[in-house]
Amino acid sequence: MSIHTYLKSLTAGVLGAAVAGLMATTAFAQTELTVYTAVEAEDLDKYAERFNEAHPDITINWVRDSTGIITAKLLAEKDNPQADVVWGLAATSLLLMKSEGMLEPYAPAGLDRLNDKFRDAAEPPYWTGMDAWVAAICVNTVEAENNGLPMPSSWEDLTDPVYQGHVAMPNPNSSGTGFLDVSSWLQLFGEDGGWDYMDRLHDNIAFYTHSGSKPCKDAARGEVPIGVSFAFRGAKSKADGAPLEIIIPTEGIGWDMEATAIVAGTDNLEAAQTLVDWSISEDANRMYNEGYAVIGITELAQPVEHFPEGITDAMIDNDFEWAAQNRERILAEWQSRYDEKSEPEG
Amino acid sequence: MSASGETAGAPVAAAARGATSDGITTRGLIVIIALYLVVAVAAPLLAMFEQSLRTYAFQLQDVEVQFQLPDGTWGEAHTLAHWQERLGTPLNDGLRPSERTRLQVSKLISKADRKDVELFRLRDMSEDKGMLLFDGTISTDDAWREVERSSLGKVLVRPISHVTLDNYLFYFETPSLRGSILNSLIVSLITMFIVVPLAFGFAYAITRSCMPAKGLFKTVAMVPILVPSLLPGIGLVYLFGNQGPLNTLLMGESIYGPIGIVIASVFFTFPHAFLIILVALSISDARLYEASIALRATRWRTFWTVTVPGARYGLISSAFVVFTLVITDFGVPKVIGGGYNVLALDIYKQVIGQQNFQMGAVVSMILLVPALVAFAVDRRVRRRQVALLSARAVPYAPTRNLRFDTTMLAYCALVSFFIVGILAMCQLAALFKFWPYDLSFSLKNYDFDRMDGGGWDSYGNSLRMAFYVAVIGTVIVFVGAFVVEKTRVFAGGRWLLQLLAMMPMAVPGMVLGLSYIFFFNHPENPLGFLYGTMAILVICTIAHFYTVAHLTATTSLKQMDREFESVSASLKQSVWKVFGRVTMPVCQPAILDIAIYMFVNAMTTVSAVVFLYRPQTTLAAVAVLNMDDAGDIAPAAAMGMMIFYTNVAARLLHAGAGRILGRRSQAWRQRG
C-alpha cells in the first residue's frame, strides 16, 4: 500500500473543514484564463492589454517560460492540465501535444484570412499560427573590434577558429530557439553534416544558455561577442541602444511559428475560444507585426525596424513533423555530445 | 534537576486528575505537530524514493497487430515485438524510454511488410492497458481497433512503468551525471578549506584582539545571510566577467565554472562558519590562558595549545556546515557555474529543464547521502562542544597589543571589503542604464513587470510568504518545542516529535521541494488542492528551516527550571497557563529570534520553492533566478538587492522590538 492511501484516511476529516473554508472565499464575476506562453516577458502586458481592450471580461493569468520548459511542463501536466489556452508556443511543441490528444480542435473566426502555412492541417485545426520566429546571429560590434573578430556572414563562418570562446548559443534541451537551430542545421547540412558542423561549432562555444534570448542579451552587454539567438531579440536589444549587428546567415535560417491552441478539457471553453478568435484577428496580427516581420495574415505585414533584410527568403523549408518526431532522439544525441563540456575525465 | 518534577509525589497525583484536559490538549498538539512534520517532510521523502525506483519500458509483446488481407479477412495476429525483431534496428533509436517517450507503430513494421495493406487492427493485451494511443485517446480494454493506412502514423505506443533499480544503474553508467558527484565534492571541499580558516581569523580577531569597530565587523560578517545565494554569483559576473573591472585578476581563467562557484560559495557560507567559530572561541576558559602565561609560553604556542584545541569542535562543526551548504546549494552554480555540473544543479536541470522527474529523484537520493553524513557528524561534534563549557570557566578578556590589534583590524577590513564589495557592485550594476556601454543612472532595471519572473508581484508575494512563515512557523515550532521539553504525557509521541523535528536539517532544499511534487501532485493525495497555492510554499519553507528554529526554542526552554511546571501542577494550574504567563515571556527573546530567522530565510530561499511556485505565487528570489536565466542580469541584481534591504529592515525591526518588549518582560533578568 502506498503512503498516499494511509494519509488519505488519516487526514480526510481534518481537511473537509479546511477545503470548505477555502472554497467559500472564491467567487469571481470575471472569467480567468490560465495561459501558457513562451512569448518574451516584456511583451506579455501588451498582449493582455490589447486583448482586454476588446474583451475586458476575461482576465489572463500568464505562465511564461522558455519554449522547452513550457512544453515539458504542459506534457508533464497531461493528466491534470493547469492551462486553458496556449498562446505563443512553437508549432513543433503544439504538434507534440496534438499527438497526445491534449488539444481541443477549433476553427476560430477569420481562419480563412490566415496564410495556409500558419494553421494546422486538420479540419477544424488544432492550432493556428501568429508569427514566424527566425534564427539570427547577434554580433556585438564593439567587442568584435576589441577582439579583432571579422564579421561572420554564414553559419560556416562561426566554426572559424578565430571565434574560439567567443560564441554563445542556447541549449536545445531547454530552449526552443536552440532546438530550432539544431534541427535546421540537421535539415540544411544533412544528418551527418549537421552533427559534424555542431562538433566544429562546439569548439568555439563559450557557453550554452538556458533561454534562447540570453545569447543575444549577453552579446548586447558584451559578455560574449557573438550570440546565436533570434532576430526579434536582436532587433529589441538594438532598439535599447546595444551596439549590435544582426546577421542572417547565407545558408538559410531555421524558423518556427508561434501558435495558439486550446487545451482539451478546459473549464472555460467559451472564453478560450474568444481568446483564440482574437489571437488571429487583424488587430492581433498588427500587434505581432510590431516585433515580428513575418506574420499570419501575410498581406498585413509591414517592415520592422532594426530587422535585417531578406528574412522571408532566407527561411528554410522547415519540416515541422520531422522535427517533432525526432525531437527526443536529436536532444539525446546533442546532450551526449556537448552537455559534458566541462566534465572531468572518467 | 530533571527529577524535580517527581519530588512531590502527592501533589502531582492530585494534579493529574485536574489536569486531564491538559493531557488531552498536549496529546492533541503532539499529534498535530507530528502530523505536520510527517506530511511536510517524511511522507514526501518516501514518495520521492518511490519515484526514484520508477522506470519506463515498452512491452511490445503485449500489443497485437493484424493486417486485412486482399480478400477482406484478417491475417495472422503478430505482436509488435515480432515486427520490431524482424525490423532489426534498435528500439527507440537505442534510447532509454522516459515517461513521455512515444513510438509510432508505423515505424515498427517495415514498409515492405505492410505493402498494399489498407486496414490494420491493433489491440492492447497488457495487464494494465494504456499502452496504445489512437490519435490521442488511450487504450482502456483489449478490444481490436481498426486503423486505416493513412492513420497508422497516428497510432503511438507508450511505455509502462515498473519498479526497478534501473534508474540508479543508468545514473552511474552515464559519465555526465556521475561526474557531478566528483565536481560537487571538489567545490565543497575547496570552499570548506578556504572558509573555515578565513572565518576563524575573523572570529579570532573579534574575541582575542582589542581592535576597534568590532560591532561593525560582526554586522558585516552576517550580511551574506540576508541575500539569496544567487546574488554573489551575479556580483562576481559583474566584477570578473568579460566586461568586469577585475577580469584581468583571473589571468585568462573564466569566472564561469569552479572558480566562480568557490568564490561565491565562500561569500555565502562565511557567516555560518563565522557564527559557529565565534561561539566556540567565546566559551574558551581564561584560566587556561593564565596558566599558559604563567608557564611563559609564547603567544604562538598558546595559540596552538590552548586556542585551537579549545575551538576544535567548533572548527569541525563549521567545516561540516560549510560543506553541506555548498554541496546542497544550487543558486551559485546556476548563476556562475557555466558548464560545470554539480549535484544540486543536476536536480534542477533534470526536473525543470527536462521534466525527467525520476532522474531528478535519483540525483536527490544521491545528494541526501553526503548531506546526511555531514549532518550526523555535526550533531555529534556540537554536543561535545557544549560539554566543554563548565560552570567554573572564566570568560577571557583580551589585552591591548598595538601590532596584533592593527594586523587583525587590517584582516577584518579586507574580508569586510570583499563582502561589501560584491554587494556594492550588485547595487551599482542595478542602477546603470546599460552596462557597460551607457553608465548613466536609471531606475529602468527596477521595472520588474517587464521582465521574466513575475514582476513586482513576486516581491509582494515574498513579503507575504515570509510574514506567514515567520508567524505560523514560530507558533508551530515553539509549541512543538514546548510539548517536547516541558510536558510529561505521551512519551512515545514526544520522542517521535523530537526525531521528526531533527529531520529537515538533513534534507537539502532541492530534495525537499522535489519530493513535494511527487507527494502533493499525486492524483490520489487528498492534500492535492494545496498544490500551486501560497499555503504549500509556507508549509515547505517552515519545514525546510524547522530544525534550527526548534533547537533555538529547546535551548531556550532548557534554561527554564522545571519547577515552574511542577509548582503550577501542585497549584492545580493548567500547563497552558504557565505557558502563557511564564514560559512565553521568559523565552520571548528566543521567540523573536525564531521569527526573524524564519522571515529572513523565507525571503532568500530558492532551492525548495523553485519547484513549487505558480504564476500567482511567484517569489522574489525565484524572480532573481529567472531574470538571470533570461539574460536580464541587471534587473536580477536589482531584485536581489530589494531582498537585501527588506531583510535589513526586518532585522532593524527585530532589534527594536526586542528592546521594547525586553524592557517589559525581561526585567527579571536584570535583578539576577
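The values are calculated or read from the model by the stated rules, or taken from the named source; none is laboratory data. Predicted model, so just to flag it, every value in this text is computed and none were measured. In this analysis, Cβ positions are derived from the backbone assuming ideal geometry, glycine residues included, and neighbour counts consider all displayed protein chains. Just the protein is used for accessible areas: all its heavy atoms, side chains included, with ligands, DNA and RNA removed. Shrake-Rupley method; radii C 1.70, N 1.55, O 1.52, S 1.80 Å.
Neighbours of B:GLY233 by Cβ distance under 14 Å: Lys/Arg scored +1, Asp/Glu scored -1, total -3.
Rounded to the nearest 10 degrees, the inclination of helix A:269-279 to the longest alpha-carbon principal axis of chain A is 30 degrees.
Round to the nearest 10 and give me the degree value, 0 to 90, for the angle of helix A:327-338's Cα axis relative to the longest principal axis of chain A. The two axes meet at around 50 degrees.
Against the main long axis of the alpha-carbon atoms of chain A, helix A:3-24 sits at an angle near 80°. Projecting the Cα atoms of A:GLY227, A:ALA206, A:SER237 onto the dipole axis of the stretch A:205-246, where Lys and Arg carry +1 and Asp and Glu carry -1 at the beta carbon, places A:SER237 farthest toward the positive end. In order along the stretch A:50-56, phi translates into HN-Hα couplings of 5, 5, 5, 4, 8, 9, x Hz, rounded to whole numbers, per the Karplus curve 6.51 cos²θ - 1.76 cosθ + 1.60 with θ = phi - 60° and x for Gly and Pro.
A straight chain from B:SER21 to B:GLU127 at 0.36 nm per residue would run longer than the Cα-Cα distance by 32.8 nm. Phi angles of the stretch B:648-653 translate, via the Karplus equation with coefficients 6.51, -1.76, 1.60 and θ = phi - 60°, into HN-Hα couplings of 4, 4, 4, 4, 5, 4 Hz per residue; Gly and Pro are given as x.
Based on the Cβ-Cβ distance from B:THR140 to A:LYS78, what FRET efficiency comes out when R0 is 22 Å, to the nearest 0.05? Display every interim value, and only then the final one.
Numbers: r = 16 Å, r/R0 = 0.73.
With a Förster radius of 22 Å, E is 0.85.
The largest accessible area among B:LYS334, A:LYS238, B:LYS572, B:LYS486 belongs to the first residue in B:LYS572, A:LYS238, B:LYS334, B:LYS486, and the rest follow in falling order (1.4 Å probe, all chains). Sequence neighbours fewer than 8 away in the same chain don't count; with that in mind, list the lysines whose C-alpha is under 27 Å from A:LYS238. By straight Cα distance, A:LYS238 reaches A:LYS46, A:LYS214, A:LYS217, B:LYS433, B:LYS444. Rolled with a 1.4 Å probe across the full set of protein chains, the surface gives A:GLU290 an accessible area near 100 Å².
With only the Cα atoms considered, the stretch A:169-247 has a convex hull volume of 84 Å³ per residue.
If the segment from B:ALA424 to B:SER176 were pulled out straight at 0.36 nm per residue, it would be longer than the present Cα-Cα gap by 85.6 nm. Solvent-accessible area of A:ARG200, all protein chains in place: 80 Å² (probe radius 1.4 Å, heavy atoms, ligands and nucleic acids excluded). For A:LYS98, the lysines whose Cα falls under 20 Å of its own Cα, not counting residues fewer than eight places away in the same chain, are A:LYS73, A:LYS78, A:LYS117, B:LYS107, B:LYS154. Inter-chain neighbour count for A:213-221: the average number of beta-carbon atoms from partner chains within 10 Å of each residue's beta-carbon is 4. With helices as the sole contributors, the protein assembly as shown gives -17000 deg cm²/dmol at 222 nm; each DSSP H run of n ≥ 4 counts as -39500 (n - 2.57), and the sum is divided by every residue.
In order along the stretch B:129-143, the phi-based Karplus estimate (6.51 cos²θ - 1.76 cosθ + 1.60, θ = phi - 60°) of 3J(HN,Hα) comes to 6, x, 7, 10, 10, 9, 6, x, 9, 8, 5, 10, 9, 9, 6 Hz; Gly and Pro are listed as x.
How high is the FRET efficiency from A:THR141 to A:TRP322, r the C-beta distance, R0 30 Å, rounded to 0.05?
Details: r = 36 Å, r/R0 = 1.22.
The pair A:THR141/A:TRP322 has a calculated efficiency of 0.25.
Each principal axis of the Cα atoms in chain B has its own extent, and those three values, largest first, are 109, 76, 50 angstrom.
One decimal place: the segment B:ALA655-B:THR164 gains 171.4 nm when fully extended, by the rule 0.36 nm per residue minus the C-alpha distance.
Our Cα-only numbers for the protein assembly as shown put the radius of gyration and Dmax at 31.5, 113 Å. For the set B:LEU169, A:LEU114, the ranking by accessible area, highest first and with no ligand, DNA or RNA atoms included, is B:LEU169, A:LEU114 under a 1.4 Å probe.
Tell me the relative contact order for chain B as a rounded percent, counting alpha carbon contacts under 8 Å between residues six or more apart. Present the calculation step by step, with values, prior to reporting the outcome.
Working: 1013 pairs, mean separation 127.4, N = 672.
Averaging sequence separation for qualifying contacts and normalising by length gives 19 percent for chain B.
Neighbours of B:ILE316 by Cβ distance under 11 Å: Lys/Arg scored +1, Asp/Glu scored -1, total +3.
Put a dot 7 Å past the Cα of B:LEU414, heading toward its Cβ, do the same for B:GLN616, and the two dots end up 5.4 nm apart. Partner shielding of A:58-69 amounts to 3, given as the average count of beta-carbon atoms from other chains within 10 Å of each residue beta-carbon. Distance between the pseudo-spin-label points of B:LEU216 and B:TRP495 (7 Å out from Cα toward the beta carbon): 5.5 nm.
Ordering B:GLY331, B:CYS412, B:LEU315 by the projection of their Cα atoms onto the charge dipole of the stretch B:308-438, which places +1 on the Cβ of Lys and Arg and -1 on the Cβ of Asp and Glu, puts B:LEU315 at the extreme positive end.
Give the calculated FRET efficiency between B:LYS433 and A:ARG113 to the nearest 0.05, with a Förster radius of 41 Å applied to their Cβ-Cβ distance.
Working: r = 42 Å, r/R0 = 1.02.
Computed FRET efficiency for B:LYS433 and A:ARG113: 0.45.
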